[in-house]
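Contents: one structure, followed by commentary.
The values are calculated or read from the model by the stated rules, or taken from the named source; none is laboratory data. Computed from a predicted model, the values in this text were never measured in an experiment. Quick reminder, even Gly has a Cβ in these numbers, built from the backbone with ideal geometry, and neighbours come from all protein chains shown. All accessible areas refer to the heavy atoms of the entire protein, side chains included, with ligands and DNA or RNA removed. Shrake-Rupley method; radii C 1.70, N 1.55, O 1.52, S 1.80 Å.
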Amino acid sequence: MNFDLALKEHLIRALADAMIAHADELSDLDRAIGDGDHGLNMKRGFEAVLGDLDRLAGKPLPELLYALGTHLVMKVGGASGPLYGTLFMALAKDIPAAPSLADATRAFGSALAAVKARGKSDVGQKTMLDVLAPALAVLAEGGNDLSSRLRRSTKDASEATRPMKAVRGRASFLGERSIGHIDPGARSSALLINAALDVLGTAS
Ligand code: ADP
Ligand code: MG
């Protein structure tokens, strides 16, 4: 897939707009099981990304993703900033400038492994990994209707964090009381994947 300037701009805007438009929803989710800042954190990070749109979009895809990750590390803060930063920076290290679906899947796999290592976390602990890992599984499976299957996977997977008990991050302080709420990071991951699909989905 050829990432020309317009596509890169479109992709960056879609990711940022999704986080900015859903900031209140994400903070509300975080208010239930955390400290209520996840939406604000992501909004701050992606506003910095938008502020750097022209420079970012002018870069080849790997450098773009790395620089985007750097903004998130510097601006998002909280637990999610370094984790999302790691996700984008690890993606950057393993992706060519014009990736095939197989390239993108492999890079996403490396990025997921990097987030797990950074967060000392794994699936089933009520975090962003519970959306990212099922999405990787769908990607790896390939086949028809990939875009709609990915969308369904992110929806089902974020809903599936509701009955989980948090064992990582701030929500783990609540123990059993974290049960019954969707994880905010799972929801932001679902929104980011859907925003990327809005732009790239027809080609995948
Ligand atoms: P903080 O918890 O520091 O206030 P945020 O509210 O921005 O940071 O982000 C919280 C989200 O970060 C959680 O909903 C969860 O998805 C994710 N998270 C927290 N710790 C981890 C971890 N160790 N591994 C993976 N994801 C994590
Ligand atoms: Mg928080």
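Here are the numbers for the structure shown:
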read-out	value
Residue within the range 70-79 that is in contact (Cβ under 8 Å) with a residue 12 or more places away in the chain, touching a Leu at 6+ places or on another chain (Cβ under 7 Å) and open to solvent by less than 20 Å² (accessible area, probe 1.4 Å) present	no
For Met128: the one exception among (1) more than 16 Å from ligand 2 (Cβ to nearest atom); (2) in contact (Cβ under 8 Å) with a residue 60 or more places away in the chain; (3) under 18 Å from the mean Cα position of the chain (by Cα)	(1)
Number of the condition not met by Lys126 [criteria: (1) closer than 20 Å to Tyr84 by Cβ; (2) of a type in the set (Lys, Arg); (3) assigned to a helix (DSSP H, G or I)]	(3)
Selection within the range 10-36 - surrounded by fewer than 20 Cβ atoms within 10 Å (Cβ to Cβ), farther than 30 Å from Lys59 by Cα and in contact (Cβ under 8 Å) with a residue 24 or more places away in the chain	Glu25, Ala32, Asp35
Condition broken by Gly85, with the remaining ones in (1) surrounded by fewer than 19 Cβ atoms within 10 Å (Cβ to Cβ); (2) under 17 Å from Ile193 (Cα atoms) satisfied	(1)
Test: residue in the range 14-23 that is within 13 Å of ligand 1 (Cβ to nearest atom) and among the charged types (D, E, K, R)	no
Search result, residues across the range 133-171 that are closer than 18 Å to Ala79 by Cα and open to solvent by 60 Å² or more (accessible area, probe 1.4 Å)	Lys165, Val167, Arg168, Arg170
Sole residue being part of a helix (DSSP H, G or I) and within 16 Å of ligand 2 (Cβ to nearest atom), chosen from Gly81, Gly77, Gly69	Gly81
Condition check for Leu7: buried (at least 17 other Cβ atoms within 10 Å of the Cβ) and part of a helix (DSSP H, G or I)	no
Matching residues in the range 172-204 - criterion: being among the hydrophobic types (A, V, I, L, M, F, W, C), open to solvent by 40 Å² or more (accessible area, probe 1.4 Å) and within 16 Å of Arg162 (Cβ to Cβ)	Leu174, Ile179
From Pro134, Pro163, residue being more than 16 Å from ligand 2 (Cβ to nearest atom) and in a loop (DSSP other than H, G, I, E, B)	Pro163
The range 46-66, subset among the small types (Gly, Ala, Ser) and either outside any helix (DSSP H, G or I) or closer than 25 Å to Gly119 by Cβ (or both), residue most open to solvent (accessible area, probe 1.4 Å)	Gly58
Neighbours by Cβ (under 6 Å, 6+ apart or cross-chain): first from the range 87-104, outside any helix (DSSP H, G or I); second open to solvent by 50 Å² or more (accessible area, probe 1.4 Å)	Ala97/Pro60; Ala98/Asn2
Any chance Asp28 is within 16 Å of ligand 2 (Cβ to nearest atom) and out of contact with any Lys or Arg (no Cβ under 8 Å at 6 or more places or on another chain)	yes
